[in-house]
1. In the chain, what % of DSSP beta bridges are antiparallel (nearest 5)?
2. Label the range 136-222 by shape, choosing from rounded, prolate and oblate, from the square roots a ≥ b ≥ c of the eigenvalues of the Cα gyration tensor; if a/c is under 1.5 it is rounded, and otherwise prolate applies when a/b is larger than b/c, oblate when it is not.
3. Taking every pair of alpha-carbon atoms in the range 56-182, what share in percent sits in each 10 Å bin, from 0 to the bin with the longest distance?
4. Return the inverse of the average 1/r over all pairs of distinct C-alpha atoms in the range 212-273, which is the Kirkwood hydrodynamic radius, in Å to one decimal.
5. Within 10 Å of each residue's Cβ, count the other Cβ atoms and sort 113, 34 from fewest upward.
6. I need the shape label for the range 277-385. Rule: rounded when a/c is under 1.5, else prolate if a/b > b/c, else oblate, with a, b, c from the alpha carbon gyration tensor.
7. Per residue Cα convex hull volume for the range 1-61, in cubic angstrom?
8. Beta carbons within 10 angstrom, averaged per residue: use that to sort the peptides 224-233, 354-363, 14-23, highest first.
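None of the figures in this text is laboratory data; all of them are computed from the coordinates on show. On a predicted model such as this, the values are computed, not experimentally measured, just so you know. Here the Cβ positions follow ideal geometry from the backbone for every residue, glycine too, while neighbour counts run over all protein chains shown.
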C-alpha cells in the first residue's frame with residue numbers, strides 16, 4: 001500500500017512526517033510491571049505507522065486504514081472519547097495528556113496504519129500511543145525525552161482509555177533496540193539492553209486468535225488483588241510499597257493473612273520477579289535448559305496462580321513443548337487469549353509452525369496465526385519533506 005498516496009487522497013495534502021512505533025512481546029515477567037517489578041520484553045517487527053501534516057486550525061483529523069474510518073476532534077474543547085470510533089481513543093488520549101502537561105500542540109491530519117494484530121496481546125495500543133506521541137513531537141518541534149513520551153503514553157491509556165496498565169509496553173515500544181532484549185526495573189526505570197543471541201534462538205509468536213478485551217475487567221481486578229496483598233502483608237513486613245519489595249521467605253512466613261485468591265496472585269508476582277532476574281543470567285549464558293525451565297514455570301504460574309491463561313493458550317504451549325528444538329514456551333501478555341511464545345533453536349521454527357498449524361485447529365476449530373521475530377528497533381520519526 002502506498003501510504004503517502006492514500007494520505008493525499010483522504011486529506012488533500014501531503015504528509016510531512018512519518019512516525020512509527022513497534023509492538024512488543026514479553027519474553028518473561030508477566031503482570032509484574034504494575035507491581036513495580038521486573039520484565040524482559042523485546043520490540044517486534046510488527047508496528048504502527050502514522051503519516052501526519054500540521055493544520056492551521058485547531059482541528060485534529062484521524063483516519064485509520066485498518067478500520068476504514070475517520071474521526072476528528074477540536075483542541076479548543078475538552079477532548080472526549082468517541083463511542084462510535086473507539087480505536088481513536090488512544091490518539092485522543094495522547095493529545096489530552098499533552099494538553100494536561102501545558103503543551104499546546106497545533107491541529108493535525110493523521111493517517112494511521114499498522115500490522116500489529118489487535119487483541120493479540122502484542123501491545124497494539126501502546127504502539128498507537130507511542131507513534132502518536134512521536135508524531136505530535138515531530139509536528140510541533142517539541143523537545144521531549146523518551147521517558148517523557150513513555151509516561152505521557154502510559155497516562156493516555158491509564159487515565160483516558162481506562163486501562164490501568166503498567167509502563168512496560170510503552171517503554172519497550174520507545175526504547176527497544178534491534179537485536180536486544182530489554183531488562184527493565186519498572187520502579188526506577190533503570191534498564192539494561194541485553195544482546196539476544198539470534199544466531200542461536202528465534203522467538204516464535206503463536207496467536208490463539210481468541211480476542212481479549214481487558215479494559216475494566218479481569219486485568220483491573222487482579223491489579224486490585226495485588227494492592228490488597230501489599231496492604232495486608234504490610235501489617236506484617238515493614239517497608240513494603242509494592243509486591244516487588246516482598247522476599248519469598250517473608251511471603252511464605254506471612255501468607256496465611258491473605259485471602260486465597262489474593263495469596264495466589266501475590267505468589268505469582270513475587271516468584272515471577274525472581275524468574276525474570278534468573279532469566280537475565282540464563283540468556284547471557286545461553287543456558288537453554290535454565291531458560292526453558294523458567295519459561296515453563298512462568299506459564300504454569302500464570303495458569304494456576306494468576307489464572308489468566310485459557311484453554312487455547314494452554315494447548316499452544318503443550319504443542320510447542322512437544323516439538324524438538326523448543327527451549328521453552330509460555331503465554332505472553334495480559335492473558336485471557338492473545339498469544340503464546342516459544343524460544344526455539346535456530347532452524348527448528350518450521351517444525352513448530354507445522355505442528356501448531358496441524359494440531360491447534362484439530363483441538364480448537366481455530367486457524368492460528370504465527371509470527372517469527374527477532375528483537376526490532378524502537379520508535380522513531382522521519383521527515384518526508
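1. On the way: 52 of 57 bridges.
If I count the DSSP bridges inside the chain, around 90 percent turn out antiparallel.
2. Working: a/c = 1.80, a/b = 1.07, b/c = 1.68.
Since a/c reaches 1.5 but b/c is at least a/b, the shape of the range 136-222 is classed as oblate.
3. Going out from 0 Å in 10 Å bins, the range 56-182 shows 12, 48, 34, 6, 0 percent.
4. Working: mean 1/r = 0.0849 Å⁻¹.
After inverting the pairwise mean of 1/r, the radius is 11.8 Å.
5. 113, 34
6. Values: a/c = 1.42, a/b = 1.19, b/c = 1.19.
Rounded, since a/c falls under 1.5.
7. On the way: hull volume 8.3 nm³, N = 61.
Normalising the Cα hull of the range 1-61 by residue number yields 135 Å³.
8. Working: 224-233: 18.8, 354-363: 14.8, 14-23: 23.7.
The densest-packed peptide leads the list: 14-23, 224-233, 354-363.
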